[in-house]
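As structure tokens, the structure follows; a few thoughts come after it.
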Amino acid sequence: MVEEVYPSIFRMEIPIPRSPLKATNSYVIKGAERTLLIDSGQNCEESLAAIRAGLSELSVDLAQTDIFVTHMHADHSGLLPFLRQEGTRFFASAADADVINHMFTEADPLESLRVAACENGFAPEEAAAAIRRHPGNDIGSRDALQFETVVDGAVFAAGPFRFRCIATPGHTQGHICLYEADHKLLISGDHILGDISPNITYYWGEQNPLQQFWRSLRLVEGLDVKKVLPGHRRLFDDCHGRIEELFTHHRHRLDEAYAIVKTEPMTGYQVAAGMTWDMVYRTWDEVAPVQKFFATGEALAHLRYLMAEGKVACEQRGGRYLYSQIA
Ligand SMILES: [Zn+2]
């Protein structure tokens with residue numbers, strides 16, 4: 001379905017089967033010479049058919065199109081190779097372009113995720129089952145792309161708009177929002193969504209993704225925004241109100257995770273099992289392994305934040321990471 005959501009900005013809702021998000025928003029802005037397309041769907045027939053139909057309805061010539069990806073996740077980048085023609089240009093941050101291109105160039109790209117799942121409390125069989133259903137496995141981009149990398153502050157002119165790249169790490173390391181100062185528009189990718197709290201996940205490394213995300217929220221809070229065009233679901237106007245809700249949500253989640261690690265050292269998996277989740281399952285045991293993988297990553301992101309606050313300690317024992325409350 002193609003809809004003009006703001007004068008000269010068209011949204012295509014690209015179905016993403018099997019995802020609770022249901023669809024990815026792909027935005028099209030036609031200029032006098034080139035078209036700007038922001039995000040695609042995932043690598044599957046339904047997404048491809050929808051984006052082809054939408055582009056055809058808008059008479060978009062892909063050879064004259066710049067394709068910008070807000071971040072590397074498969075539901076935003078998986079279709080990119082199918083849209084490539086001579087003359088198509090692809091733009092993303094260096095960090096996320098690197099992940100997109102490594103999803104398939106490594107012999108076993110998700111092996112490091114499987115190992116990390118085990119180190120954080122998954123049983124080996126459940127870790128393997130989770131990674132088999134990981135989106136990077138079957139709906140990600142399957143072909144190397146020549147990205148032109150963008151940095152914070154880069155500007156895209158499209159139609160009557162001039163979009164400025166705002167680096168917003170957190171949801172992914174290289175996430176970028178596009179801000180249009182004259183029209184007060186924010187194309188927010190998955191940094192700020194209207195109905196869902198963006199997944200913030202940690203499995204390894206030195207980063208503190210939740211802290212990065214909070215900083216990125218503060219950054220966007222400083223912009224004058226009248227309309228948010230997110231990567232999923234409905235557009236909304238109250239950017240500041242939504243940012244405050246996200247802060248409150250994560251503060252609550254931090255308190256929850258902190259209370260759980262009070263009694264004894266435990267893995268991220270065990271902490272996730274004790275947290276509340278907005279899922280259709282009644283108990284943690286019923287949760288699909290891949291959903292447990294994302295939930296555990298989210299629990300770990302909160303534990304990592306609590307570590308930086310000096311409230312939680314982490315030790316490695318028997319090949320596993322164990323977290324405990326600092327009294
Ligand atoms: Zn995402």
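The values are calculated or read from the model by the stated rules, or taken from the named source; none is laboratory data. Please read these numbers as outputs of a predicted model, since none were measured by experiment. When we count neighbours, we look across all protein chains shown, and the Cβ atoms used for this are built from the backbone with ideal geometry, even at glycine.
Of all residues in the range 119-141, which are modelled with pLDDT of 95 or more, part of a loop (DSSP other than H, G, I, E, B) and either in contact with a strand residue (DSSP E or B) (Cβ under 7 Å, 6 or more places away or on another chain) or more than 13 Å from GLN291 (Cβ to Cβ) (or both)?
Those that are modelled with pLDDT of 95 or more, part of a loop (DSSP other than H, G, I, E, B) and either in contact with a strand residue (DSSP E or B) (Cβ under 7 Å, 6 or more places away or on another chain) or more than 13 Å from GLN291 (Cβ to Cβ) (or both): ASN120, GLY121, ALA123.
Would you kindly identify the strands (runs of 3 or more DSSP E) lying entirely within the range 11-74 that contain at least 1 residues that are touching a His at 6+ places or on another chain (Cβ under 9 Å) and within 13 Å of the ligand (Cβ to nearest atom)?
Of the strands (runs of 3 or more DSSP E) lying wholly inside the range 11-74, those with at least 1 residues that are touching a His at 6+ places or on another chain (Cβ under 9 Å) and within 13 Å of the ligand (Cβ to nearest atom) span 23-30.
Can you name the condition, by its number, that LEU229 falls short on among (1) in a strand (DSSP E or B); (2) touching a Gly at 6+ places or on another chain (Cβ under 8 Å); (3) not basic (Lys, Arg)?
It is condition (2) that LEU229 fails.
Looking at GLY31, GLY41, GLY54, can you tell me which residue is at pLDDT below 95 and farther than 27 Å from ASN199 by Cα?
Testing whether each residue is at pLDDT below 95 and farther than 27 Å from ASN199 by Cα leaves just GLY31.
Consider ALA49 carefully, then state whether it is over 24 Å from THR172 (Cβ atoms), among the aliphatic types (A, V, I, L, M) and over 20 Å from the mean Cα position of the chain (by Cα). It would help to see each step written out before you state the result.
Working: over 24 Å from THR172 (Cβ atoms): yes; among the aliphatic types (A, V, I, L, M): yes; over 20 Å from the mean Cα position of the chain (by Cα): yes.
For ALA49, the condition - over 24 Å from THR172 (Cβ atoms), among the aliphatic types (A, V, I, L, M) and over 20 Å from the mean Cα position of the chain (by Cα) - is met.
Starting from residues that are in contact (Cβ under 8 Å) with a residue 60 or more places away in the chain and buried (at least 16 other Cβ atoms within 10 Å of the Cβ), keep the ones in the range 151-162 and report whichever is farthest from the ligand (Cβ to nearest atom). Can you show your working first?
Residues of the range 151-162 that are in contact (Cβ under 8 Å) with a residue 60 or more places away in the chain, as a first pass: 156-161.
Adding the requirement that they be buried (at least 16 other Cβ atoms within 10 Å of the Cβ) leaves 156, 158-159, 161.
Working: PHE156: 20, ALA158: 22, GLY159: 26, PHE161: 23 Å.
My answer is GLY159.
Would you confirm, using the coordinates I've provided, whether HIS102 is within 16 Å of the ligand (Cβ to nearest atom), in a helix (DSSP H, G or I) and either closer than 30 Å to VAL271 by Cβ or not aliphatic (A, V, I, L, M) (or both)? Give the derivation first.
Values: within 16 Å of the ligand (Cβ to nearest atom): no; in a helix (DSSP H, G or I): yes; either closer than 30 Å to VAL271 by Cβ or not aliphatic (A, V, I, L, M) (or both): yes.
Against the criterion (within 16 Å of the ligand (Cβ to nearest atom), in a helix (DSSP H, G or I) and either closer than 30 Å to VAL271 by Cβ or not aliphatic (A, V, I, L, M) (or both)), HIS102 does not qualify.
Given (1) away from the ligand (no atom under 16 Å from the Cβ); (2) within 24 Å of SER19 (Cα to Cα), identify the lone condition not met by THR168.
Here THR168 meets the rest and fails (1).
Looking at the range 194-209, is at least one residue modelled with pLDDT of 95 or more and either over 16 Å from the mean Cα position of the chain (by Cα) or farther than 21 Å from PHE293 by Cα (or both)?
Yes, the range 194-209 has at least one match.
Under 6 Å between Cβ atoms, which residue pairs at least 6 apart in sequence (or on different chains) link something in the range 17-28 that is closer than 10 Å to GLY41 by Cβ with a partner that is outside any strand (DSSP E or B) and polar (S, T, N, Q)?
Listed pairs, sorted by first residue: SER26/SER40.
So which of LEU300, LEU229 is buried (at least 19 other Cβ atoms within 10 Å of the Cβ), more than 30 Å from GLU3 (Cα to Cα) and under 17 Å from the mean Cα position of the chain (by Cα)?
Criteria check complete, one pass: LEU300.
Condition check ((1) without any contact (Cβ under 8 Å) to a residue 12 or more places away in the chain; (2) assigned to a helix (DSSP H, G or I); (3) farther than 29 Å from LYS311 by Cα) across all residues:
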{"position": "GLN207", "(1), (2), (3)": "no, no, no"}
{"position": "GLN212", "(1), (2), (3)": "no, yes, no"}
{"position": "VAL225", "(1), (2), (3)": "no, no, yes"}
{"position": "GLY241", "(1), (2), (3)": "yes, yes, no"}
{"position": "TYR258", "(1), (2), (3)": "no, yes, no"}
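Out of all the residues in the range 64-82, which are surrounded by fewer than 21 Cβ atoms within 10 Å (Cβ to Cβ) and modelled with pLDDT under 95?
Within the range 64-82, the subset surrounded by fewer than 21 Cβ atoms within 10 Å (Cβ to Cβ) is 64, 66, 81-82.
Listed by number, the residues that qualify are PRO81, PHE82.
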